[in-house]
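The values are calculated or read from the model by the stated rules, or taken from the named source; none is laboratory data. Bear in mind that the values here come from a model prediction, so they are computed numbers and not experimental data. Areas reflect the complete protein model, heavy atoms only, side chains present, ligands, DNA and RNA absent. Shrake-Rupley method; radii C 1.70, N 1.55, O 1.52, S 1.80 Å.
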Amino acid sequence: MRQTIIAGNWKMHNDRAAAKELVSGLQDVLAQVGDNREVILCPPYTDLETATTLISKLAHVSVYAQNMFYEEKGAFTGEIAPSMLRELGVKGSIIGHSERRGYFGETNLDTNKKIKTALGHKLRPILCVGENEDQRVNGVMKPWIQMQILEGLQGLSGEDVASIVIAYEPLWAIGTGRTATVEQAQEVCQYIRQVLADAYSKEIADKTPILYGGSVKAANAKDILQQADIDGVLVGGASLKVDEFSQIIKA
Ligand code: PGA
């Protein structure tokens with residue numbers, strides 16, 4: 001019932017020429033994405049227009065930003081407004097990626113404001129949550145993730161929640177080559193669905209897509225995607241390579 005989502009987060013990689021080369025290299029695979037799937041490309045701001053132009057004729061492919069600000073406009077040096085993204089054909093944005101939280105001090109309150117503003121502009125948020133290694137070892141992983149979700153989604157209606165995407169990305173698995181085992185990934189994604197069911201309803205929880213991210217590659221994507229509560233993957237490093245990302249899309 002839920003769509004499978006394959007999202008590629010390019011992070012701060014690819015100048016314009018490299019962006020063109022990557023999206024052009026993916027064209028054939030992107031043109032074959034089936035009805036129950038969506039592929040999402042998340043380039044840096046400077047590549048958004050290049051990407052939206054190159055995918056404009058593809059039915060199941062969209063371009064999202066990696067971040068956006070929650071204000072509409074104003075004296076916010078260095079920030080990007082949601083309407084500026086919409087104008088370029090961008091359909092959504094990653095919100096609260098662990099690198100935003102870790103390097104730039106983003107809080108759950110920030111993610112909450114960003115999600116509300118994004119929805120107000122018909123941009124689909126991908127809310128990222130996840131624990132660090134200490135939190136996992138010390139048994140506070142679940143309350144931490146629950147707090148990220150409940151504070152991030154505070155004040156949203158059930159209908160709004162079902163329209164967003166949640167990505168579970170354990171910090172210790174991001175960019176480290178240490179993927180969570182499929183059991184670990186499934187356990188937390190199932191827990192996230194339970195948090196949504198308790199806070200909203202089972203129906204809302206069943207409708208909301210939950211992705212796993214953290215060292216996803218062609219070799220492990222298929223197993224991850226077979227888990228009952230994992231509806232897709234958020235891919236960093238492997239989304240920069242035509243071969244790897246093509247295989248993940250086809251997995
Ligand atoms: P990675 O990054 O696939 O390179 O681990 C994932 C992410 O940060 O979204």
Requested in this report: Round to the nearest 10 and report in Å² the accessible area of Glu151, as given by a 1.4 Å probe over the protein chains' heavy atoms.
Outcome: 80
Query raised in the report: So what is the accessible area of the chain per residue, in Å², with the probe set to 1.4 Å?
Result: 46
Query raised in the report: Between Ser157, Ser98, Ser215, which gets the highest mean-square fluctuation from a Gaussian network model of the chain, Cα cutoff 10 Å?
Result: Ser157
Query raised in the report: Which of the lysines could be linked to Lys250 by a straight reach, that is with a Cα gap under 27 Å, when you skip same-chain ones fewer than 8 residues away?
Result: Lys11, Lys20, Lys57, Lys91, Lys207, Lys217, Lys222, Lys241
Report task. May I ask you to evaluate 6.51 cos²θ - 1.76 cosθ + 1.60, the Karplus curve with θ = phi - 60°, for each residue of segment 152-169 and list the ³J(HN,Hα) values in order in whole Hz, giving x for glycine and proline? Result -> x, 9, 3, x, 8, 6, x, 4, 4, 4, 5, 8, 9, 10, 10, 10, 8, 10
**Report entry** Calculated from backbone phi, Karplus (6.51, -1.76, 1.60) coupling profile of segment 213-226 in Hz, x at Gly/Pro
**Finding:** x, x, 6, 6, 9, 4, 5, 10, 4, 4, 4, 4, 5, 7
Report summary line: Out of Lys57, Lys217, Lys202, a Gaussian network model of the chain with alpha-carbon springs under 10 Å gives the largest mean-square fluctuation to Lys57
Report task. Arrange the residues His97, His121 by how much accessible surface each exposes, largest first, with a 1.4 angstrom probe. Result -> His121, His97
Query - With DNA, RNA and ligands ignored, accessible area of Tyr191 (1.4 Å probe; Å², nearest 10) - result: 50
**Report entry** the chain: C-alpha gyration tensor shape, a/c 1.5 cut-off, then a/b vs b/c
**Finding:** rounded
Query raised in the report: What ranking of Thr4, Thr77, Thr208 comes out by heavy-atom accessible area, probe 1.4 Å, highest first?
Result: Thr77, Thr4, Thr208
Query raised in the report: Amide H to amide H under 5 Å from Ile95: which residues, 5+ apart in sequence or cross-chain, H placed 1.01 Å off N in plane?
Result: Ile126, Leu127, Cys128
**Report entry** Whole-Hz couplings from phi, Karplus 6.51/-1.76/1.60, listed for segment 81-95; x for Gly and Pro
**Finding:** 8, x, 5, 5, 6, 4, 4, 8, x, 6, 9, x, 7, 5, 10
**Report entry** Exposure ranking of Trp10, Trp144, Trp172 by accessible area [1.4 Å probe, largest first]
**Finding:** Trp144, Trp172, Trp10
Report summary line: Residues meeting the amide H criterion for Gly213 (H placed from the backbone, H to H distance under 5 Å, 5 or more places apart or on another chain) are Tyr168, Glu169, Leu234
Requested in this report: Would you kindly find the accessible area of Cys128, with a 1.4 Å probe and non-protein molecules such as ligands, DNA and RNA excluded, rounding to the nearest 10 Å²?
Outcome: 0
Requested in this report: Identify which of Gln194, Gln146, Gln135 has the largest mean-square fluctuation in a Gaussian network model of the chain, with springs joining Cα atoms closer than 10 Å.
Outcome: Gln135
